[in-house]
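One structure is given here, and the rest of the page talks about it.
The values are calculated or read from the model by the stated rules, or taken from the named source; none is laboratory data. Keep in mind that this is a model prediction, so the values were computed, not measured. Quick reminder, even Gly has a Cβ in these numbers, built from the backbone with ideal geometry, and neighbours come from all protein chains shown. For the accessible areas, the whole protein counts, side chains as well, though only heavy atoms, and no ligand, DNA or RNA atoms are used. Shrake-Rupley method; radii C 1.70, N 1.55, O 1.52, S 1.80 Å.
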Amino acid sequence: MGKKQNVHLLVMARILLGLCLFAAPVLAAQMSITAELEHYSTRPKFAPFVVRYNQTASGKKVIVLPYEAPSRGNPDGDDGGQVEIAFKTTERSVINVNIAGLFPDRGSDSFFYRLDDEEYRKQEGPAVTGDWDVFGRAYPFIEAGRHKLMVKAREPGAILDKVTIRVLDGEIFYSGPLLRVEFESLSSQSSFPPFVIEPHAKASGGQYIVLPSSATPRLDPAQGTDGQVEIPFILTKTADVNLAVRASFPTEGSASFFYKLDDQDFQTLPSRETGDDWVFLSVMDYSAVEKGRHTLVIKGREHGVKLDRVTLLTSTGGISMVRNESDRPAQARVSPAVPLREDPPQYSFFSISAFVLALLCVGGAILF
């Protein structure tokens, strides 16, 4: 092969490499999850914790061990007053655990927590300030895989709001069979407008949906059927189902939405403020949802909240989305022989193009 031909091939290889880098998709990594502790109130071992309203809490609700409940000196045992948050990580990483709490009385406010099978740690309250504090620690170099964080009551009085778990490397997800749906993929539904699709580099699929500022705020969920999306799905077994949403809440005054499962009443996700950050937020825990077909409805309430992706996590069995009206539960092709992927890969035209071009790059290099 002549020198001139080699030069031409080298130029072509460099061009192809540039195209590979350009075509490769940039997907936002999910590096944290936020669990509102009141959403675990339907779990069997939640009591004697109780849920109470608190205006300053992130979700306007908190959990607390009431003063009439006995103190627990030893964290061992399985006698209730506990919350278990199961999650999984994709890479070996430092894991930061932050628990937001309020301690009105330092003398009798504390709780236990632990990650996986480590010894329980006792968290005492700080000096009384009346402000929310964040407790927890960084766990160094935890291997990838499934993990669980336990939060356990110790003394009455400690007010607990939410738990945020963050990784420094890889990604983090709630653990269990799950269904993930990009909100923009539902835009063909007739009830979708006035929702609009907007691009964003940090959205999981590169896009999100939002009610425009011209949309009229809706304070009653029974008001109209527009500005809503439906997610029909099938469960292969009766299971607990957690609803989580990846979203951004630019301003607290105009960021909330309605949601409901099947024929239940609509619930309202209270406003909060995250600025330009995206959060993966546990919205609701549904207990013992029966095997078969169900429908989740999410309806716009105020403009401003940016909705990126919805995740339905089940405690057991499989979950799949109903793709068309003819897919009834009896006809659904859900078989134990073909297990549902917990983290389905996201392919696009660009990622496939990148793969093909990468092969061409390698082939060009081999010619030298």
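Going through (1) surrounded by fewer than 19 Cβ atoms within 10 Å (Cβ to Cβ); (2) touching a residue at least 40 places away in the same chain (Cβ under 8 Å); (3) over 22 Å from SER58 (Cα atoms) one by one, PRO193 falls short only on (2).
Out of SER256, SER248, one residue alone is in contact (Cβ under 8 Å) with a residue 40 or more places away in the chain, crowded, with 20+ Cβ neighbours inside 10 Å, among the hydroxyl-bearing types (Ser, Thr, Tyr) and out of contact with any helix residue (DSSP H, G or I) (no Cβ under 9 Å at 6 or more places or on another chain). It is SER248. Picking from residues in the range 139-158 that are open to solvent by 30 Å² or more (accessible area, probe 1.4 Å) and touching a Leu at 6+ places or on another chain (Cβ under 9 Å), the one that is nearest to ASP116 (Cα to Cα) is LYS148. Within the range 216-230, the set of residues being surrounded by fewer than 18 Cβ atoms within 10 Å (Cβ to Cβ) and either part of a loop (DSSP other than H, G, I, E, B) or without any contact (Cβ under 8 Å) to a residue 60 or more places away in the chain (or both) comprises THR216, PRO217, LEU219, ASP220, ALA222, GLN223, GLY224, THR225, ASP226.
Just the residues that are at pLDDT 85 or above and in contact with a strand residue (DSSP E or B) (Cβ under 8 Å, 6 or more places away or on another chain), please, taken from the range 119-132. Give the derivation first.
So the first thing to find is which residues in the range 119-132 are at pLDDT 85 or above, and the list is 119-123.
If the condition is that a residue be at pLDDT 85 or above and in contact with a strand residue (DSSP E or B) (Cβ under 8 Å, 6 or more places away or on another chain), then TYR120, ARG121, LYS122, GLN123 are the ones that fit.
The set of residues in the range 85-118 that are modelled with pLDDT under 90 and of a type in the set (D, E, K, R) comprises LYS88, ASP105, ARG106, ASP109, ASP117.
Can you spot a residue in the range 269-276 that is farther than 16 Å from ARG180 by Cα and modelled with pLDDT of 90 or more?
First pass over the range 269-276, keeping only residues farther than 16 Å from ARG180 by Cα: 269-276.
If we keep only those that are modelled with pLDDT of 90 or more too, we end up with none.
No: the range 269-276 contains no residue that is farther than 16 Å from ARG180 by Cα and modelled with pLDDT of 90 or more.
Quick one: how many residues across the range 62-81 are in contact with a helix residue (DSSP H, G or I) (Cβ under 8 Å, 6 or more places away or on another chain) and assigned to a loop (DSSP other than H, G, I, E, B)?
Let us first name the residues in the range 62-81 that are in contact with a helix residue (DSSP H, G or I) (Cβ under 8 Å, 6 or more places away or on another chain), namely 62-63, 71.
Retained after the next criterion (residues that are assigned to a loop (DSSP other than H, G, I, E, B)): 71.
Count: 1.
Of all positions in the range 170-186, at least one carries a residue that is over 20 Å from ILE231 (Cα atoms) and surrounded by fewer than 17 Cβ atoms within 10 Å (Cβ to Cβ). For GLY224, the test of being small (Gly, Ala, Ser) and on the phi > 0 side of the Ramachandran plot is passed.
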